[in-house]
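K.L.:
Below are the structure tokens for one structure; questions will follow.
The values are calculated or read from the model by the stated rules, or taken from the named source; none is laboratory data. The structure presented is a predicted model; accordingly, all values stated were derived computationally and were not measured. Cβ sites come from the backbone with ideal geometry, for glycine too, and all protein chains shown count toward neighbours. The area values use the complete protein model at the heavy-atom level, side chains included, leaving out ligands, DNA and RNA. Shrake-Rupley method; radii C 1.70, N 1.55, O 1.52, S 1.80 Å.
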Amino acid sequence: MGNQKLRILVAEDELIVGYDLCDTVSEAGYQVDGPFGNLSSAMLAYQKNKPDIAILDVQLGDGIVYPLAEQMMAEDVQVIFHSGQLTPADVALRFPNAQSLSKPCPPAEVINSVQVAAANH
């Protein structure tokens, strides 16, 4: 892979949270797409530019992110869920291989998850 930057897609319907996540990730040296507030825009972005890692809010403006997450995982994208409603344990029941963060999440924890995902990529 060389020194090519990993691309991270951020889907988050609370824009302030979304922009914070994007800032955190880009300051850590990753390339960022987003934040996308709904499934349709996240899907379009995903089809246009496949990311290496995705940080996905479980509940987006127009629905639950699981179908998109499943498609991403099937195509070897590392998925990190980010949720205010569900606990990481809830998410783990459905997606045992994915990481999960609960909102609000400190930047250091976000970066830590991204680094774990990058190592598994």
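K.L.:
Quick check on region 21-48: of everything there that is touching a residue at least 40 places away in the same chain (Cβ under 8 Å) and in a helix (DSSP H, G or I), which residue is farthest from residue 66 (Cα to Cα)?
P.N.:
Step by step, filter region 21-48, then rank; the result is 24.
K.L.:
Of all the residues that make up region 7-40, how many are polar (S, T, N, Q) and either touching a Phe, Trp or Tyr at 6+ places or on another chain (Cβ under 9 Å) or over 17 Å from residue 61 (Cβ atoms) (or both)?
P.N.:
3
K.L.:
Identify all residues within region 78-117 that are in a loop (DSSP other than H, G, I, E, B), buried (at least 16 other Cβ atoms within 10 Å of the Cβ) and either touching a His at 6+ places or on another chain (Cβ under 7 Å) or in contact (Cβ under 8 Å) with a residue 40 or more places away in the chain (or both); write none if there are none.
P.N.:
105
K.L.:
So residue 91 fits all but one of (1) over 14 Å from the mean Cα position of the chain (by Cα); (2) over 24 Å from residue 6 (Cα atoms); what number is the exception?
P.N.:
Unmet condition: (1).
K.L.:
Let me ask another. Being within 23 Å of residue 23 (Cβ to Cβ), open to solvent by less than 70 Å² (accessible area, probe 1.4 Å) and assigned to a strand (DSSP E or B) is the filter here; which residues of region 49-77 pass it?
P.N.:
Those that are within 23 Å of residue 23 (Cβ to Cβ), open to solvent by less than 70 Å² (accessible area, probe 1.4 Å) and assigned to a strand (DSSP E or B): 53, 54, 55, 56, 57, 60.
K.L.:
Also: Given the structure, is residue 74 modelled with pLDDT of 95 or more and more than 12 Å from the chain's Cα centre (by Cα)?
P.N.:
yes
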